[in-house]
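A short worksheet on the structure shown next.
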Amino acid sequence: MKLKKNELKIIQLLLASPDYISTYDIATSTGIPRRLVRDEISNVRVILSSLNLNLLSKPSKGYFIEGKSSKRFKPIAKHY
């Protein structure tokens, strides 16, 4: 699985966040335009699903990776 630069930035930010993070905050922190963040989220959801993880989303709150742990992200670490 080859990750795009934006997908990797978003996943890194989601992993670092202890709580839900909004599209606005993702865009501000990564430098990715908000519109593109929303487009990339669908790709990130598929990537996380392939690792048996859920990307939770709540209106007015943002996104959060359910059940995140460092062991489950070793496949992603290969792409740094």
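Cross-link pairs exceeding 22 Å between alpha carbons, from the set LYS9/LYS68; LYS4/LYS58; LYS2/LYS68; LYS9/LYS61: LYS4/LYS58. Distance between the modelled labels on ASP19 and ARG35, one decimal in nanometres: 3.1 nm (7 Å Cα→Cβ projection). Rounded, prolate or oblate: which one fits segment 1-58, using the alpha carbon gyration tensor with axes a ≥ b ≥ c (rounded when a/c is under 1.5, else prolate when a/b beats b/c, else oblate)? The shape class here is oblate.
Summarising the amide proton neighbourhood of SER22: residues at separation of 5 or more, or on other chains, whose placed amide H is nearer than 5 Å comprise TYR63.
Read the figures in this text as sums done on the coordinates, not as results from a lab. Computed from a prediction, not measured in an experiment: that's the story for all the values here. All Cβ positions, even for glycine, are placed from backbone atoms using ideal geometry, and neighbour counts span all protein chains on display.
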